[in-house]
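**Student:** Quick one: this structure, given as structure tokens, is what I'll be asking you about.
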Amino acid sequence: MAVGYQTVTLAWDPNPEPDVCAYVVYYGTQSRGYPLATNVGNVTTATVYGLDEGRTYYFAITARNLSGLESNFSNEVTNAIPAELTNKAPTISIIADRVTTEDTVVGPLPFVVGDADTAVANLTVSGYSTNTALVPDARVVFGGSGSNRTVTLHPATNAIGCTRVVVVVSDGIKASSTSFLVTVHASADPFDNWLRTRFSAQDLADSSRAAEVWDSRADPDKDAQDNLQEYAFGMDPLRNKSSAEVVIPAVVTATNGACLALTFPRRKNDASLVYTVEVSSNKADWTGQTAVRQTAVQPIDAEFENVTFQDASPIEPAHPRFIRLRLTHHAVVESVTDTYMGMATVIRGALPSRPRTTQFSLPVVNSASAVGVVTDRGTVSITDTNARWSSGQFAPSNGAFYAEFESGYMADIVACSTQTLEFPGSLPSEIVVGQVYRVRPHFTLASILGAANKIGLEAGTSPANADMVELAVRGEDGRNVVRRCYFYSSVPGYTGWYDWDCYGAADTVVYPEQALGVTRKQGGDILLVVSGVVKDNPTIVPILVGNNLVGTFQNQRVITLGELNLVSGDPVTGLAAGWNPGEADNVYVVNPDQTTSTFFYSSLAGYEGWWTAACDRRADDTAFEPGSAFYVTRKAPRAPFNWRIPSE
């Protein structure tokens, strides 16, 4: 039992050496004989409890450094404790020293209090920590009742080190104390150690910074990868970098057809981190490792290896496949990558007597290169003061990039400074401060069809003897849509994609809403398989004057003409209705037999709705399959309008 009657408070000057980490108070009832000692931590004042009445005590101080070396004794001071005959001080039992790991609650630790003069129910207990950065005083919590009490310690988040915790019992007049040393070691968890090497101790000790900076789901560099993904893939959480550089979806040729595959870096020596590749046919029902197989392992270094997993089921026309990676940490924390889709489109071969055109759209986008929140906006720019991309990273010299806003709008990036993105024209008023945005690279002709014509379209020496690819592109005035055609050149020294005027066209941008038309002049069917990230958020795109060749962005759902949201009731904000197809704006499709079907929205009283051009049947239920394409014809002199494409 630690029995005490009186206290003495000591103060001393600090030792000037820079590596001093603690002071030890030595004391006893003989000069220069100190059988008692207590480590009080790195402080310059301390109270010694439990001194016997009627005795003289001698005190001296030493300093300890980080290496455990201890200084000589300081000058000695004495204090005579007066004798008293009434109200003995309460008693408190010894609490053993404790060693633990970071982010671990210590306790509840039991101890016993007593008093010869006062009922134990009336005794109060309190305590404090000599290192409040490790264990704040407010996190020294007491429990129990009567003579059986407990103390529980809640160390600061991510903090390591040591502290002496002093527990005091008082009867209101006199007090006694005991103390114990608490040592908090760094966690053995590799992820926790990784956090410590990437973030400051100040940030890690501040729980209010967790969601923004250091939690496993935080994304401090705003690149659309949370910290668990950054750790799992060996990335820098404070440097903006697209996961597309490390998590690589692909379409591979297998014995059963074209299959989705996912390649990514995997840590070798962290059993608490589980990588699970999942696949699905509908984005709702996901199957783990039993439906995929590992096809490649390539060592990178001592920590990482590059692995490839392949879907066991092929991508087939009208049967897309989806793949993603789920990260599980200690069987609790989960982070899921983007969902990647593989879709197959049959490019039909030429008819016996004439060419045949196949039109299709891509209901996918590229992985985000950055994600953030708008903190300021100008007429043609946005600023994100928390952005961590580099100046010029998304400039046109590095490729074609666009910003995608959560409101649904998209805008090409024409300049990029450290925290500002600039656009070619005025931004819509719906893009406001506080709105989330993503920066994505555009698809191009080469990225879809292959820089070297991977799908095998008929190449030629001119557009006249080659298969053709059609896009409806935005005109220079930004109001009209213009038809552009492209072909793959077979001319030696000039192989590659060219436009009708024989200018290089490999980098021609294919906007997310744009569909493509491929006209085969000879040969049989070709299967085009593409992959990308599923886009689930709203999409708002311009419908310009002319024939806009577009898609629905549906990757699973069949959508009807009546559901396309093209007619708003106001010809300024949607397609114009009319009594006949000549008066109204139109929608038309090229059928597999190369005939066309044209539709218009009737404004005739009693016959409102979508009709065929021949007015022989209603067309509201005309179905558009995922990945299909159609023309939206906006007639002059009507102005362009913004179309909100229905989400999946």
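**Student:** Residues with amide H under 5 Å of Thr101's amide H, sequence separation 5 or more or different chain, H placed in the peptide plane at 1.01 Å from N; which?
**Tutor:** Correct list: His185.
**Student:** Assign unit charges at the C-beta atoms only (+1 for Lys and Arg, -1 for Asp and Glu), then state the dipole size of the range 128-265 relative to its Cα centre in Debye, rounded to the nearest 20.
**Tutor:** 520 debye
**Student:** Once Lys and Arg get +1 and Asp and Glu get -1 on their Cβ, which of Ala210, Leu51, Ala636 lies farthest toward the positive end of the dipole of the chain?
**Tutor:** Ala636
**Student:** Taking R0 as 22 Å, what's the FRET efficiency between Asn122 and Arg98 from their Cβ-Cβ distance, rounded to 0.05?
**Tutor:** It comes to 0.15.
**Student:** So, one more: Can you give the charge dipole size of the chain about its Cα centre, rounded to the nearest 20 debye, using +1 on the beta carbon of Lys and Arg and -1 on the beta carbon of Asp and Glu?
**Tutor:** The dipole of the chain has a size of about 960 debye.
**Student:** Cα centroids of the range 262-292 and the range 100-122: how far apart, whole angstrom?
**Tutor:** 48 Å
**Student:** Quick one: grab the alpha carbon gyration tensor of the range 409-550, order the square roots of its eigenvalues as a ≥ b ≥ c, and give me rounded if a/c is under 1.5, else prolate or oblate depending on whether a/b is larger than b/c.
**Tutor:** prolate
**Student:** For the chain, which whole-number percentage of the solvent-accessible area (1.4 Å probe, protein heavy atoms only) is attributable to carbon and sulfur atoms?
**Tutor:** Details: 14530 of 28900 Å².
So the carbon and sulfur contribution to the accessible surface is 50 percent.
**Student:** Let a ≥ b ≥ c be the square roots of the eigenvalues of the Cα gyration tensor of the range 307-368; is it rounded (a/c under 1.5), or, if not, prolate (a/b larger than b/c) or oblate? Don't jump to the answer; show the numbers that get you there.
**Tutor:** On the way: a/c = 4.87, a/b = 2.91, b/c = 1.67.
Here the range 307-368 falls in the prolate category.
**Student:** Hey, what did the range 253-392 get for relative contact order, percent, Cα under 8 Å, at least 6 apart?
**Tutor:** 21 percent.
**Student:** So, one more: Divide by every residue of the chain the summed helix terms, -39500 (n - 2.57) for each DSSP H run of at least 4, and state the resulting mean residue ellipticity at 222 nm, rounded to the nearest 500 deg cm²/dmol.
**Tutor:** My calculation for the chain gives -1000 deg cm²/dmol from helical runs alone.
**Student:** With only Lys, Arg, Asp and Glu charged, each at its Cβ (+1 for the first two, -1 for the last two), find how big the charge dipole of the range 411-491 is about the Cα centre; round to the nearest 20 debye.
**Tutor:** That gives a dipole near 140 debye.
**Student:** Now a separate question. Normalising by the residue count of the range 159-262, find the relative contact order in percent from Cα pairs under 8 Å and 6+ residues apart.
**Tutor:** Dividing the mean separation by the residue count of the range 159-262 yields 14 percent.
**Student:** How many Å² of accessible area per residue for the chain, probe 1.4 Å?
**Tutor:** Dividing the accessible area of the chain by its residue count gives 45 Å².
**Student:** How would you classify the range 514-595 from its alpha-carbon gyration tensor, with a ≥ b ≥ c the square roots of the eigenvalues: rounded for a/c under 1.5, else prolate if a/b is greater than b/c, otherwise oblate? Walk me through the numbers on the way to the answer.
**Tutor:** Values: a/c = 2.35, a/b = 1.36, b/c = 1.72.
Oblate shape, in that a/c is at least 1.5 and b/c is the bigger or equal ratio.
**Student:** Here's something else I'd like to know. Please name whichever of Val473, Asn591, His185 sits farthest to the positive end of the charge dipole of the chain, dipole taken about the Cα centre and charges placed at Cβ: Lys and Arg +1, Asp and Glu -1.
**Tutor:** Farthest towards the positive pole: Asn591.
**Student:** Using only alpha carbon pairs under 8 Å that are at least six residues apart, calculate the relative contact order of the range 444-491 and give it in whole percent.
**Tutor:** For the range 444-491, the relative contact order is 35 percent.
**Student:** Work from the charge dipole of the range 274-322 (Cβ charges, +1 for Lys and Arg, -1 for Asp and Glu, about the Cα centre) and give the residue of Gly288, Val307, Val274 farthest towards its positive end.
**Tutor:** The residue sitting most towards the positive pole is Gly288.
**Student:** Also: Which peptide among 469-480, 129-140 comes first, and what is the full order, when sorted by highest mean count of other Cβ atoms within 10 Å?
**Tutor:** 129-140, 469-480
**Student:** Turning to a different aspect of this structure: Between Ala296 and Thr495, with labels modelled 7 Å along Cα→Cβ, what's the label distance in nm to one decimal, could you check?
**Tutor:** 2.2 nm
**Student:** Which lysines does Lys174 reach when only Cα atoms under 24 Å apart count, and residues fewer than 8 places away in its own chain are ignored?
**Tutor:** Excluding near neighbours in sequence, the set is Lys88.
**Student:** If I model a spin label as a point 7 Å beyond the Cα along the Cα-Cβ vector, how far apart are those points for Thr287 and Glu476 in nm?
**Tutor:** That separation, rounded to one decimal, is 5.5 nm.
The values are calculated or read from the model by the stated rules, or taken from the named source; none is laboratory data. Note that this is a predicted model, so its numbers are computed, not measured. Cβ atoms come from the backbone with ideal geometry, glycine included; neighbour counts cover every protein chain shown. Side chains are part of the model used for accessible areas, which takes the heavy atoms of the whole protein and leaves out ligands, DNA and RNA. Shrake-Rupley method; radii C 1.70, N 1.55, O 1.52, S 1.80 Å.
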